[in-house]
1. Taking the Cα centre of segment 240-380 as origin, sum charge times position over the Cβ atoms of Lys and Arg (+1) and Asp and Glu (-1), and report the length of that vector in debye to the nearest 20.
2. For the chain, what does the accessible surface come to per residue with a 1.4 Å probe? Please give it in Å².
3. So, taking all protein chains as they sit and a 1.4 Å probe, how much accessible area belongs to Ser254, in Å² rounded to tens?
4. Taking the structure as given and computing Rg and Dmax of the Cα atoms in Å, which label from [x] 22.1, 69; [y] 23.3, 86; [z] 21.7, 75 fits?
5. Would you please name the GluC sites (Glu not before Pro) within segment 227-331 that are DSSP coil residues with at most 14 other C-beta atoms within 10 Å of their C-beta?
6. If the cut-off is a Cα-Cα distance under 23 Å, which lysines reach Lys104, setting aside same-chain residues fewer than 8 apart in sequence?
7. Which percent of the accessible area of the chain is formed by carbon and sulfur heavy atoms (probe 1.4 angstrom)?
8. What size of dipole, in debye to the nearest 20, comes out for the chain about its Cα centre when the only charges are +1 on Lys and Arg C-beta atoms and -1 on Asp and Glu C-beta atoms?
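The values are calculated or read from the model by the stated rules, or taken from the named source; none is laboratory data. Not measured: the values here are computed from a predicted model. Here the Cβ positions follow ideal geometry from the backbone for every residue, glycine too, while neighbour counts run over all protein chains shown. These accessible areas exclude ligands, DNA and RNA; they are computed on the full protein's heavy atoms, side chains included. Shrake-Rupley method; radii C 1.70, N 1.55, O 1.52, S 1.80 Å.
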Amino acid sequence: MDNSIAIVGMSCRFAECRDIAELWSAIMSRRSCLTVPGHDVEIPYGQKNVFERAYPTRIGQLGPLYACTPSMQNFPRQVNAGENQDLYFATQLAFEALLDASLKPHTRERRRGSVRVGYAPPFNASTVNWLQHTYFLNQTLDVIRRFFPNAPEEALDNVREKLVSSLPEPNASSFLLGAGYRFASWLARECSFSGAAMIMDAGMISGAATIMDAISDLESGRADIAVTGAINPPMSRAYLEGLSGEVQFSLSNSLQPFSKDDDGTIPGEGGAFFVLKRRSDALRDHDRIYALIRSVAVGHNTVEDPSLIIREAAEQAKVPIKTISLIEADGSGIRESDEREIDAIDKLWGKHKPGAALVGIGSVKGNVGHTLRASMAAGMVKTALALHHRILPPQVVVDHPMEAIRSIDSSVYLLSDPLPWITGDSSNPRRALVTGSNFDPVNPVGVASVIGRSAAIILEEEPEVRS
């Protein structure tokens, strides 16, 4: 067990949840934090988009929780409207995770630490500002010329000047901070880390992929501390429109994973960060340990066997599948995906027999929505807190659970109420599984059918009595 990686600090911000305590409160009260999208998203309700699909009627929005504290990040001023505010949001979460681990963000002494962040720049203020000053500005003037072919150039120059003056002032530094390498370098510098600093986009499993790389940093000795996490910043109408070409949005007012009435997912915003150490170092430093990471597996499942990645994670961790009693599932609300996930679990646990082990299932997406690249990080926070508090956390209300879960033959049950997490003895520690998957790809004819890239993480409790 001393080779395990310990989670010693956590932070998060999701819809209506400022930190891990507020997220845990929402989970325990089975509260949905999904709301009608604000005016800034500008969704035309009742209309269909370019893919002939409807827009979501609810979103797990960050709203004011997207803000950061500039003075905390060494720049005593307001954030410029043309800067990459995703960077400051990520930095805020990294700082809060460090403080939760009793570490100061800024120190004169350089730390042997690494930074791994799951992030893909969508349309942020920085990139849009530069497009506005270049392509968009020229395109706008070309349109005006077509409508007013006889307009004098002097008048068009005046229009250009007014358009430019209405835009945030361009800044080379803010433009470069939108690039992945500058984004990661900023975070590492502000954390006083001297090791690797990288941005990764692994889609919906970014949270698992970044943790896998952070574990490699620690196990290899390249770093003694790793800060890792994933963010999904506020979504614009343009982003939602593009996303709808890949995934079906729900028209419901709530997201109920594993419901037989599943009609699609509901997107959410936010992010979560973790501070990781080798367990031996965490014990030496008398750190609070939320949970231990036993294994991370990433790869492709197949249609024939959707359980491959879960089995691989269990083999890496060298733990029997049936010693896992909690699954924080992908649970996207997309019927085919949810049914396939239940099939995978049933395949591993088998038909239930009296007295045999059962496994509880749930998904934090019911609380804060599908936070896309941050979704597995959200599931990690929930699961680490469940292990820390020794409670099997409830799922949001599901009015009509899938028949596969309701069957008396199933080894899976939907967690409808918080339960004390009972275990046998020190040789049978509490264990949990966090799963996630990318949206299914559209496979060309003749290509072997795959379900999509998936990930599985096995967590285990830190023993109450340490050896």
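1. 900
2. Computed with neighbouring chains in place, this is 44 Å² per residue.
3. 50
4. Structure-derived value, by its label: [y].
5. The qualifying sites are Glu246, Glu304.
6. Hits, sequence-local ones excluded: Lys277.
7. C and S atoms contribute 53 percent here.
8. So the magnitude is around 920 debye.
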